[in-house]
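J.: Would you mind keeping the following structure in view while I ask a few things?
We did not get these values from a lab; they are worked out from the coordinates using the rules stated. None of these values were measured; they are calculated from a predicted model. Neighbour counts are summed over all protein chains in view; Cβ atoms, including those assigned to glycine, are modelled from backbone coordinates with ideal geometry.
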């Protein structure tokens, strides 16, 4: 599960860096997705996700503790849920639910696996 979350995060992060409108299209109104400041923030979030993914993948490859990376991902995903809820009324109905479910699902999956991911 940790590997799957990391690979998903890596793909999302790379996508946000290369084509920030794609993940934005899942989250915010179309008219806001093309704004330069919005695209900048999407790329920054993409960098965050790539860093979390690369840290996790490196820890897995080197047989190092993975739990800190998983917990950091849980915090990041929980932050995404909180940001979405804070802007709830200003977001398109379907998109706010999509992002909330995706981010909450990733946070819950990470929280579920974190306690046991470093055990032999």
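J.: Quick one: count up the residues across the stretch 54-66 that are exposed (fewer than 15 other Cβ atoms within 10 Å of the Cβ) and touching a helix residue (DSSP H, G or I) at 6+ places or on another chain (Cβ under 8 Å).
T.: Summing the residues that are exposed (fewer than 15 other Cβ atoms within 10 Å of the Cβ) and touching a helix residue (DSSP H, G or I) at 6+ places or on another chain (Cβ under 8 Å) in the stretch 54-66 gives 2.
J.: Go through the residues of the stretch 60-70 one by one and say whether even a single one is on the phi < 0 side of the Ramachandran plot and under 11 Å from the mean Cα position of the chain (by Cα).
T.: no
J.: Here's another thing I want to ask about it. What number of residues in the stretch 102-120 are surrounded by fewer than 18 Cβ atoms within 10 Å (Cβ to Cβ) and over 12 Å from the mean Cα position of the chain (by Cα)?
T.: 9
J.: For the stretch 64-89, enumerate the residues that are more than 24 Å from residue 1 (Cβ to Cβ) and either part of a loop (DSSP other than H, G, I, E, B) or touching a residue at least 12 places away in the same chain (Cβ under 8 Å) (or both).
T.: Passing the criteria: 85, 87.
Rundown of residues vs (1) over 17 Å from residue 8 (Cβ atoms); (2) touching a helix residue (DSSP H, G or I) at 6+ places or on another chain (Cβ under 9 Å), yes/no style:
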{"position": "68", "(1), (2)": "yes, yes"}
{"position": "76", "(1), (2)": "no, yes"}
{"position": "81", "(1), (2)": "no, yes"}
{"position": "87", "(1), (2)": "yes, yes"}
{"position": "101", "(1), (2)": "no, no"}
{"position": "106", "(1), (2)": "no, yes"}
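J.: Looking only at the stretch 1-53, count every residue that is crowded, with 19+ Cβ neighbours inside 10 Å and either in contact with a strand residue (DSSP E or B) (Cβ under 6 Å, 6 or more places away or on another chain) or in a loop (DSSP other than H, G, I, E, B) (or both) and tell me the total.
T.: Of the residues in that region, 2 qualify.
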